[in-house]
Amino acid sequence: MIPAGVSEGQIIRIPDHGTSPDQAVPVLLTITIKRPGEIQQPSEMSGAQEPLSISNPKVQQPFDPSLDHDFPTLLSSDPQLQPPLPPVPEREPARRSRTVGMISGLIILVILLLLAGVGYYFYNNHQATDNANILSQTATATSKLQTPTHAPTVTNSSTATQQNGLYIAGTYNGSMFDQTAQQTITISVHLVQSQGNAALSGTFTSGSSSHVAYPLTGTVDTQGNFSFTVQQANGQLPLFFHGQVYQSDYLKGNYCSSNTNSCSTDTGYFTVGPKF
């Protein structure tokens, strides 16, 4: 028996009655429906044919216990009876485009924030400059209003500008060599100096003068170039010493007898130190 409501190409499942009940297996039949115009007359038929097309009726199919029931199973081609299709996965290019769009948006947002910060910085600097200029102009105008135009300008010409020099104060022992007399004389130089001031003062003692201390005055610059003049007794010409600081603890240079605080020709040389 063919169940009612079957359609063209539908497959039904019926039990095979040609075998013993112990060996019965289901048979799958493909239904082919002939329309009235396509049915052949009995005279044209070479033999009795069944309007059923059986696909391998005797071929046994593997037995599935879950399909073992008394009703035939119908596989319908009706779209309403088909199970829903699984959702189509989202394409990779779409996800990539979305990610690129999000990253581009973040980059544009960061750039806009940076530009806003730079503009705010320059605006504040411009405002600060304008405020400073306004305050300066106000202070200048106030000063002009408070200062009388007839007040004389007082200049103190007696105040000398202090000259800075290297600090070399201390006591230096050593010797000087008289090239004229070819004689070496022991000497001691004691320098007094205010910190940061170039002016020098102190005393000079030599072995040939029975250790009499003679006053000296001089100067030193910031590079360590120094000079000082020693006043001698009995109408002798002053001794003028000039040279450089050596290794921060020694004084080295030349000397001569002169009352002009300069030497046209040196008559000897000296080395004293280290200072203490």
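Here are the numbers:
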| read-out | value |
| --- | --- |
| Total residues in the stretch 263-276, condition in a loop (DSSP other than H, G, I, E, B) and on the phi < 0 side of the Ramachandran plot | 8 |
| Leading residue by the ranking (nearest to Met176 (Cα to Cα)) among those in the stretch 229-256 that are at pLDDT 95 or above and of a type in the set (Ser, Thr, Tyr) | Tyr255 |
| Failed item, numbered, when Gln183 is tested on (1) free of Cβ contacts under 8 Å to residues at least 12 places away in the same chain; (2) closer than 21 Å to Tyr167 by Cβ | (2) |
| Candidate set: the stretch 227-262, residues that are hydroxyl-bearing (Ser, Thr, Tyr) and part of a strand (DSSP E or B); chosen: the one farthest from the chain's Cα centre (by Cα) | Ser257 |
| Those residues of the stretch 186-226 which are touching a residue at least 24 places away in the same chain (Cβ under 8 Å), part of a loop (DSSP other than H, G, I, E, B) and of a type in the set (S, T, N, Q), in sequence order | Gln193, Gln195, Asn197, Thr222, Gln223 |
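The values are calculated or read from the model by the stated rules, or taken from the named source; none is laboratory data. Just so it is clear, the structure is predicted and the values come from calculations on it, not from any experiment. All Cβ positions, glycine included, derive from the backbone under ideal geometry; neighbour counts span all protein chains shown.
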